[in-house]
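One structure is given here, and the rest of the page talks about it.
The values are calculated or read from the model by the stated rules, or taken from the named source; none is laboratory data. Every value quoted in this text rests on a predicted model; they were computed, and no experiment measured them. Positions of Cβ are generated from backbone atoms using ideal geometry, with glycine treated the same way; all protein chains shown enter the neighbour counts. Please note that ligands, DNA and RNA were not included when accessible areas were found on the heavy atoms of the full protein model with its side chains. Shrake-Rupley method; radii C 1.70, N 1.55, O 1.52, S 1.80 Å.
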Amino acid sequence: MTLKIKFKRSEILANILLNFAGLCIGCIMMFYNNTVVSVKNLIFKIIVFAGMTALIFNLWLYMHRYIKSLNKVYALEIDHLGIYSNISKHTFLSWNEISYCRMKTVQMSSGRHSKIMVHAYDSSRSMIINADLLDIDKNELLDILNQKK
């Protein structure tokens, strides 16, 4: 039996809106009319430009995930062979490669985010699953992964 988990569209849309709002604020800050060009103003604009670049990349990432959800691509598929992740890029990890799974909560500027760490025997193959983007309870997903392991 294959467990297919969808993207949580509401979470993705909220991130898209927040990134877009940040870009709008950045544009206003960037193009605010200043007649005096000083070093402080230049440094400020460079910092704002760097932040806007990061927001554009993040916006692209969430738009890509939203398009995947509209095309009915599952975020995560779990079956007898292993875990297929389509959250960022298509990744497969078989059960015999997995050593253990655990939950990690990360404090970020946008709040606390839950990540499920799937540790492989080869650490370069380990997988990080952003549980906030999935349409399943994070504890239920962790239980399923540990039962399959």
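Structure notes:
- FRET efficiency estimate (nearest 0.05) - Cβ-Cβ, Leu13 to Ser88, R0 25 angstrom: 0.90
- Inter-label distance for Asp137 and Ser123, nm, one decimal - labels placed 7 Å from Cα along Cα-to-Cβ: 3.4
- About the centre of its Cα atoms, the chain shows a dipole size close to 240 debye [charges on the beta carbon of Lys, Arg (+1) and Asp, Glu (-1) only; nearest 20 debye].
- Karplus 3J(HN,Hα) series, Hz, for region 52-69 with 6.51 cos²θ - 1.76 cosθ + 1.60 (x for Gly, Pro): 5, 5, 5, 5, 5, 4, 5, 4, 4, 4, 6, 5, 4, 5, 5, 4, 4, 5
- Split the accessible area of region 64-149 by element, probe 1.4 Å, and carbon with sulfur accounts for 49%.
- Three-way shape call for region 109-149 based on the alpha-carbon gyration tensor, with the a/c threshold at 1.5: oblate
- Straight-line cross-link reach from Lys6 at under 30 Å between alpha-carbon atoms covers these lysines, not counting any fewer than eight positions away in the same chain: Lys68, Lys72, Lys89, Lys104, Lys115, Lys138, Lys148, Lys149.
- Estimated FRET transfer efficiency (Gln147, Leu61; beta-carbon r; R0 30 Å; 0.05): 0.45
- Take the chain with all the other protein chains still there, run a 1.4 Å probe, and you get 64 Å² of accessible area per residue.
- Take every pair of alpha-carbon atoms less than 8 Å apart whose residues are at least six positions apart; their mean separation over the length of region 84-149 yields a relative contact order of 28 percent.
- Selected from Arg125, Arg102, Arg112 as most flexible by GNM, with the chain as the system and alpha-carbon contacts under 10 Å: Arg112
- Within the same chain, aspartates and glutamates fewer than 8 places from Lys8 are excluded, and of the rest, those with a Cα less than 20 Å from its Cα are Glu77, Asp132, Asp135, Asp137, Glu140, Asp143.
- Sequence-ordered 3J(HN,Hα) estimates for region 16-26 from the Karplus curve with 6.51, -1.76 and 1.60 and θ = phi - 60° stand at 4, 5, 5, 5, 5, 4, x, 5, 4, 5, x Hz, glycine and proline given as x.
- Charge dipole (the chain, unit charges on Cβ, about Cα centre) - positive-most of Phe92, Leu3, Met29: Met29
- Where only DSSP H runs of four or more residues are counted, the chain gives -15000 deg cm²/dmol as its mean residue ellipticity at 222 nm, each run worth -39500 (n - 2.57).
- Average Cα contact separation per residue, the chain, under 8 Å, 6 or more apart, as relative contact order %: 25
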